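Submitted below is the structure of interest, expressed as structure tokens.
The values are calculated or read from the model by the stated rules, or taken from the named source; none is laboratory data. Just so we're clear, the structure is a prediction, and the values are computed from it rather than from any experiment. Here the Cβ positions follow ideal geometry from the backbone for every residue, glycine too, while neighbour counts run over all protein chains shown. Protein only, heavy atoms only, side chains kept; ligands, DNA and RNA dropped before computing areas. Shrake-Rupley method; radii C 1.70, N 1.55, O 1.52, S 1.80 Å.
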Amino acid sequence: MGVMAKTSTTTQGLRAAIERSGYYPALVAEAVEAAVGGEPIRSYLVHQETTFDQNEVRRHVTVLVLTGNRFIVSHTDEQAADSTSPTPYATTSTESVKLGRISSIVVSRVVANPESYKPGTLPREIVLTIGWGAVSRIDLEPAACGDPNCEADHGYTGNSTADDLSLRVSEAGDGPETVRQALDFAQALSEATADPTR
């Protein structure tokens with residue numbers, strides 16, 4: 001499979017993880033390979049999600065790749081036959097983001113029995129949210145002052161949240177190894193974006 005098959009152990013691990021997902025591995029691997037090019041891979045995460053949409057089961061795979069200079073996101077979705085296509089089809093897309101553009105990395109951990117938590121214990125689930133400015137969410141609400149009798153218009157208040165990618169990984173749904181890989185990827189990405197030369 002071109003460049004991906006010839007490079008490092010990390011690259012071979014990524015290819016094996018894509019194949020293990022069993023979700024159109026040739027299509028997913030080709031899209032990721034094209035985005036990565038010849039760059040060495042520092043870290044990766046392959047996450048498959050199955051959703052139920054009325055009477056249909058839909059699968060989605062997300063592949064995150066960290067190279068020395070870029071963060072690459074690949075999404076692949078399958079679609080049932082519809083008015084535009086008489087046969088089922090898949091859509092795959094990749095986005096390449098320079099590490100210097102990443103503005104936010106949030107790792108939310110859910111742990112059971114926090115009173116007896118021991119360092120190094122895997123969380124029950126994590127949500128990894130990464131922002132680089134492509135998508136922002138603005139939540140607004142009417143502003144008010146402290147006077148309960150005030151009827152003046154104080155405009156609006158709110159906040160803007162970078163929310164380009166949000167990925168939930170759970171021990172029950174994805175297995176402990178995927179949770180560990182997600183934490184490792186988040187740490188590698190955090191370390192890479194902390195580099196002041198980026």
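Considering only the stretch 137-163, state which residues are at pLDDT 80 or above and either among the polar types (S, T, N, Q) or closer than 20 Å to V106 by Cα (or both).
Of everything in the stretch 137-163, just one residue is at pLDDT 80 or above and either among the polar types (S, T, N, Q) or closer than 20 Å to V106 by Cα (or both), namely N149.
Just give me the residues in the stretch 68-92 being outside any strand (DSSP E or B), modelled with pLDDT of 90 or more and of a type in the set (G, A, S), in sequence order.
Scanning the stretch 68-92 gives a single hit, G68.
Anything in the stretch 1-11 that is within 12 Å of P40 (Cβ to Cβ) and either assigned to a helix (DSSP H, G or I) or at pLDDT 90 or above (or both)? List them, or say none.
Result: V3, M4, K6, T9, T10, T11.
Among the listed residues A34, A81, identify the single one that is of a type in the set (A, V, I, L, M), out of contact with any Pro (no Cβ under 9 Å at 6 or more places or on another chain) and over 24 Å from V169 (Cβ atoms).
A34
From the residues in the stretch 163-181 that are touching a Lys or Arg at 6+ places or on another chain (Cβ under 8 Å) and either among the charged types (D, E, K, R) or assigned to a strand (DSSP E or B) (or both), which one is surrounded by the fewest Cβ atoms within 10 Å (Cβ to Cβ)?
Checked the stretch 163-181; the qualifying residue surrounded by the fewest Cβ atoms within 10 Å (Cβ to Cβ) is D163.
Follow-up. Among the residues of the stretch 16-32, write down those that are open to solvent by 40 Å² or more (accessible area, probe 1.4 Å), in a helix (DSSP H, G or I) and within 16 Å of T92 (Cβ to Cβ).
Within the stretch 16-32, E19, P25, A26, L27, E30 qualify.
Now, a different point. Examine the stretch 76-93 for a residue that is under 12 Å from the mean Cα position of the chain (by Cα) and within 22 Å of Q181 (Cα to Cα), and state whether such a residue exists.
No, every residue in the stretch 76-93 fails to be under 12 Å from the mean Cα position of the chain (by Cα) and within 22 Å of Q181 (Cα to Cα).
Is it true that V111 is surrounded by fewer than 17 Cβ atoms within 10 Å (Cβ to Cβ) and more than 28 Å from Y24 (Cβ to Cβ)?
Values: surrounded by fewer than 17 Cβ atoms within 10 Å (Cβ to Cβ): yes; more than 28 Å from Y24 (Cβ to Cβ): yes.
The answer is yes for V111.
Do we have any residue at all in the stretch 93-115 that's part of a loop (DSSP other than H, G, I, E, B) and among the polar types (S, T, N, Q)?
Looking for residues that are part of a loop (DSSP other than H, G, I, E, B) and among the polar types (S, T, N, Q), one finds at least one in the stretch 93-115, hence yes.
Take the residues in the stretch 51-67 that are open to solvent by less than 70 Å² (accessible area, probe 1.4 Å) and among the polar types (S, T, N, Q); name whichever of them is modelled with the lowest pLDDT.
Checking each candidate, the answer is T51.
For every residue, the table says whether it meets (1) within 18 Å of the chain's Cα centre (by Cα); (2) on the phi < 0 side of the Ramachandran plot.
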| residue | (1), (2) |
| --- | --- |
| G37 | no, no |
| V46 | yes, yes |
| V57 | no, yes |
| S96 | yes, yes |
| I102 | yes, yes |
